[in-house]
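Quick note: the coordinates plus some simple rules give every number you see, no bench work behind them. None of these values were measured; they are calculated from a predicted model. No Cβ is skipped: glycine too gets one built from the backbone with ideal geometry, and neighbour counts run over all protein chains shown.
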């Protein structure tokens, strides 16, 4: 069974960039790290590319390697391969999650979110998760989803979108 990132979690980040990865997310990171074994720390990839604007993306090692393989399969020298390589491979870092479930988000990535310390919002999206400054998440994502749902009407079933 393949585990996936699910749910929304509010976590704190301190002035040194230390943050806890939600426990459910740690299980997914462990299952997606081919070098992980009990007693070892799982690893993850944090994407911070310019295309992500006000958020960061977290991936398991396996999932990130699949994305990299797709990029590497593109024609050598193609503009598409260069752009994807720069935005995904070039603007990502590998992080270790310690035995207590913490990792350190580098200052550059915290500055991208506009936070040095405070609350972060983690949002699971299946194959990866997003990290937002909590306030920005509420303003940009939660409010947008609520507005969109309000437009759909009372009888709308979100699962109907799977049939399209």
Per GNM of the chain with C-alpha springs under 10 angstrom, the most fluctuating residue out of 127, 150, 100 is 150
By average C-beta atoms within 10 angstrom, highest first, the peptides 151-159, 30-38
30-38, 151-159
Fewest first, what order do 115, 131, 71 take by the number of other Cβ atoms within 10 Å?
71, 115, 131
Nitroxide proxy distance, nm - points 7 Å out along Cα→Cβ at residue 16 and residue 53:
3.4 nm
Per its Cα gyration tensor (rounded if a/c is under 1.5, else prolate when a/b beats b/c, else oblate), the range 8-134 is best filed as oblate
For residue 111, placing the label point 7 angstrom along Cα-to-beta-carbon and taking the range 1-38, residues whose amide nitrogen sits under 20 Å are 13-19
If packing is taken as the average count of other Cβ atoms within 10 Å, what order do 104-114, 42-52 fall into, highest mean first?
42-52, 104-114
Just from its helices, what would the mean residue ellipticity at 222 nm be for the chain, if runs of 4 or more DSSP H residues each count -39500 (n - 2.57) and the sum is divided by every residue, rounded to the nearest 500 deg cm²/dmol?
-8000 deg cm²/dmol
Highest average packing first - 6-19, 72-85, Cβ atoms within 10 Å
6-19, 72-85
According to the square roots a ≥ b ≥ c of the eigenvalues of the Cα gyration tensor, what is the shape class of the range 17-67, taking rounded for a/c under 1.5, prolate for a/b larger than b/c otherwise, and oblate for the remainder?
oblate
Over the range 8-134, what relative contact order in percent results from Cα pairs under 8 Å that are six or more residues apart?
39 percent
So for the range 63-164, using the alpha carbon gyration tensor with a ≥ b ≥ c as root eigenvalues (a/c under 1.5 gives rounded; past that, a/b versus b/c decides prolate or oblate), I'd call it oblate
